[in-house]
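The structure appears right after this line, and notes come after that.
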Amino acid sequence: MKSVSHIFGGVAKVKVMRLFVFNPEAAFDAQTVSDRTQEKRPTVSRELRNLAVAGLVKKMAKGYVLNKSYPYLTAIEHFLIDASPLTDKEIIKKIARAGVIKMILLSGVFLHDSEARVDLLVVGDHIKKGVLVSAIQSMEAELGRELRYASFETADFQYRYGLYDKLIRDILDFNHIKIVNKLGV
């Protein structure tokens, strides 16, 4: 499957567009955009100039902001939401490096549910927090928004699950998809 970047002229441009579209109230300078998208600063600067010329973003004193009166903003937003840059396989591959993964559950942003408590739940053994955070940041760069996530060691998750922990219940009782489920939950 071809990615949406082919339509818009490159991965960097799509990442920058996602960042602004999914954070409509925020102003970003070029360095912050570079950090958040994990793209090189010169590439980001070029894409910001192009998006400003196109009218999707506006240059302000505090940085760049989304042009909320852009005539095609709603269409672009819907398109970018529906055209997810991450497949289940890619998510699993990124998170698998963090430890012995027993369950990965997707909710929230992955299912267009803004009311969900988390976007991602990771359960496993010997989870390396730094590696997991790095994987999450990589996904955030692709998605253009921060992810709300929770991670548990297997024993802690099973204990909380057995006690009907509110967070666990809120996640499991509402719309979600398990892309890895070795726990049979």
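Please count how many residues of the stretch 95-118 are in a helix (DSSP H, G or I) and either assigned by TED's automatic domain parsing to the domain that holds Pro24 or surrounded by fewer than 20 Cβ atoms within 10 Å (Cβ to Cβ) (or both).
First, the residues of the stretch 95-118 that are in a helix (DSSP H, G or I): 95-96, 108-111.
Among the residues that remain, those that are also either assigned by TED's automatic domain parsing to the domain that holds Pro24 or surrounded by fewer than 20 Cβ atoms within 10 Å (Cβ to Cβ) (or both) are: 96, 111.
Result for the stretch 95-118: 2.
May I ask you to say which residue of Leu86, Leu121 is of a type in the set (A, V, I, L, M), modelled with pLDDT under 95 and outside any helix (DSSP H, G or I)? Before the answer, list the steps.
Working: Leu121 fails: modelled with pLDDT under 95.
Going through Leu86, Leu121 in turn, the sole match is Leu86.
So Glu142 fits all but one of (1) modelled with pLDDT under 95; (2) among the acidic types (Asp, Glu); (3) surrounded by fewer than 16 Cβ atoms within 10 Å (Cβ to Cβ); what number is the exception?
(3)
Across the stretch 140-185, what is the total count of residues that are in contact with an Asp or Glu (Cβ under 6 Å, 6 or more places away or on another chain) and either on the phi > 0 side of the Ramachandran plot or of a type in the set (Val, Ile, Thr) (or both)?
Summing the residues that are in contact with an Asp or Glu (Cβ under 6 Å, 6 or more places away or on another chain) and either on the phi > 0 side of the Ramachandran plot or of a type in the set (Val, Ile, Thr) (or both) in the stretch 140-185 gives 2.
Examine the stretch 58-73 for a residue that is surrounded by 14 or more Cβ atoms within 10 Å (Cβ to Cβ), part of a helix (DSSP H, G or I) and not assigned by TED's automatic domain parsing to the domain that holds His176, and state whether such a residue exists.
Of the stretch 58-73, the ones surrounded by 14 or more Cβ atoms within 10 Å (Cβ to Cβ) are 58, 63-67, 70, 73.
So of that shortlist, the ones also part of a helix (DSSP H, G or I) come out as 73.
Add one more test, that the residue is not assigned by TED's automatic domain parsing to the domain that holds His176, and what stays is 73.
Yes.
In the stretch 162-176, how many are within 15 Å of Arg117 (Cβ to Cβ) and either assigned to a helix (DSSP H, G or I) or touching a helix residue (DSSP H, G or I) at 6+ places or on another chain (Cβ under 9 Å) (or both)?
10
Going through the stretch 96-112 one residue at a time, which ones are within 13 Å of the chain's Cα centre (by Cα) and under 17 Å from Ser138 (Cα atoms)?
If we filter the stretch 96-112 for residues that are within 13 Å of the chain's Cα centre (by Cα), which is where we start, we get 106-112.
The answer is Leu106, Val109, Phe110.
Please go through the stretch 22-45 and give me each residue that is touching a residue at least 12 places away in the same chain (Cβ under 8 Å), part of a helix (DSSP H, G or I) and surrounded by fewer than 16 Cβ atoms within 10 Å (Cβ to Cβ), ordered by number.
Of everything in the stretch 22-45, those that are touching a residue at least 12 places away in the same chain (Cβ under 8 Å), part of a helix (DSSP H, G or I) and surrounded by fewer than 16 Cβ atoms within 10 Å (Cβ to Cβ) turn out to be Thr32, Ser45.
Go through (1) modelled with pLDDT of 95 or more; (2) closer than 14 Å to Gly144 by Cα; (3) acidic (Asp, Glu) one by one and return the number of the condition Asp29 breaks.
All conditions are met except number (2).
Report yes if some residue within the stretch 151-159 is of a type in the set (Ser, Thr, Tyr), surrounded by fewer than 20 Cβ atoms within 10 Å (Cβ to Cβ) and under 19 Å from the mean Cα position of the chain (by Cα); otherwise report no. Steps first, answer last, please.
Residues of the stretch 151-159 of a type in the set (Ser, Thr, Tyr): 151, 154, 159.
Pick out the ones that are also surrounded by fewer than 20 Cβ atoms within 10 Å (Cβ to Cβ) and you get 154, 159.
Checking the rest, the ones that are also under 19 Å from the mean Cα position of the chain (by Cα) come to none.
For the stretch 151-159, residues of a type in the set (Ser, Thr, Tyr), surrounded by fewer than 20 Cβ atoms within 10 Å (Cβ to Cβ) and under 19 Å from the mean Cα position of the chain (by Cα): absent.
Just checking, which of Asp170, Asp119 is in contact with a Phe, Trp or Tyr (Cβ under 8 Å, 6 or more places away or on another chain), under 29 Å from Phe79 (Cα atoms), acidic (Asp, Glu) and touching a residue at least 24 places away in the same chain (Cβ under 8 Å)?
On the way: Asp170 fails: in contact with a Phe, Trp or Tyr (Cβ under 8 Å, 6 or more places away or on another chain).
Asp119 is the lone residue from the list that is in contact with a Phe, Trp or Tyr (Cβ under 8 Å, 6 or more places away or on another chain), under 29 Å from Phe79 (Cα atoms), acidic (Asp, Glu) and touching a residue at least 24 places away in the same chain (Cβ under 8 Å).
Taking the residues in the stretch 77-93 that are surrounded by fewer than 17 Cβ atoms within 10 Å (Cβ to Cβ) and among the β-branched types (Val, Ile, Thr) as candidates, determine which candidate is farthest from the chain's Cα centre (by Cα).
Of everything passing the filter in the stretch 77-93, Ile92 is farthest from the chain's Cα centre (by Cα).
The values are calculated or read from the model by the stated rules, or taken from the named source; none is laboratory data. Note that this is a predicted model, so its numbers are computed, not measured. Here Cβ is always computed from backbone atoms with ideal geometry, including for glycine, and neighbour counts include all displayed protein chains.
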